[in-house]
Amino acid sequence: MVDQLSRRLAPDALWHIVKPLAPPAGVRTQGGGRGCVDDRQILAAIVFVVTSECSWRQLPPLFGVKVSTVHRRFREWTRIGLWEQVDERVNQLDDPGLVEWWRIVYETLCTRNATSASDCLLDHNESTDRLYSAG
């Protein structure tokens, strides 16, 4: 079930972009913790939280990852500019469905992360204006 959910929230085409860009999980200086968690599960959990607008603590246990792990990786990936790198690559694809899905996820990620929201949304103003004026 988790695998199906991960593939729905993080489709193969998106995962193939994110996978080489996502740095490996670092060693935690305080020690402890569980073994490595699949980054695709982390990505799917992040996408779920930001698109459902739930709090991090409301992440359902069916994802099989701890809330603290998902939130920590979200912060790490945000800090290194992963979302912007993924955005550049997705927008080069000839897959309108994925591009539209990613646009929704990316804009939601940007607003979730208030420190870079203005930068993210500025990048999308032109495409969003075009999207809304076309209808």
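Derivation of every value follows stated rules applied to the coordinates shown; laboratory data play no part. Remember, it's a predicted structure, so these values are computed and weren't measured experimentally. A quick note on method: Cβ atoms are made from the backbone with ideal geometry, for glycine too, and the neighbour counts reach across all protein chains shown.
Compute the length gained on full extension between residue 91 and residue 16: take 0.36 nm times their separation in residues and subtract their Cα-Cα distance, giving the result in nm to one decimal.
25.6 nm
Between residue 98 and residue 62, 0.36 nm times their residue separation minus their Cα-Cα distance comes to what?
Extra length from residue 98 to residue 62 when fully extended: 10.5 nm.
Would you mind computing, in nm to one decimal, how far apart the modelled labels at residue 4 and residue 84 are, each placed 7 Å from Cα along Cα→Cβ?
Here the answer is 3.9 nm between the modelled labels.
Which distance in nm do the two modelled labels at residue 72 and residue 51 give, with both placed 7 Å along the Cα-to-Cβ direction?
2.6 nm
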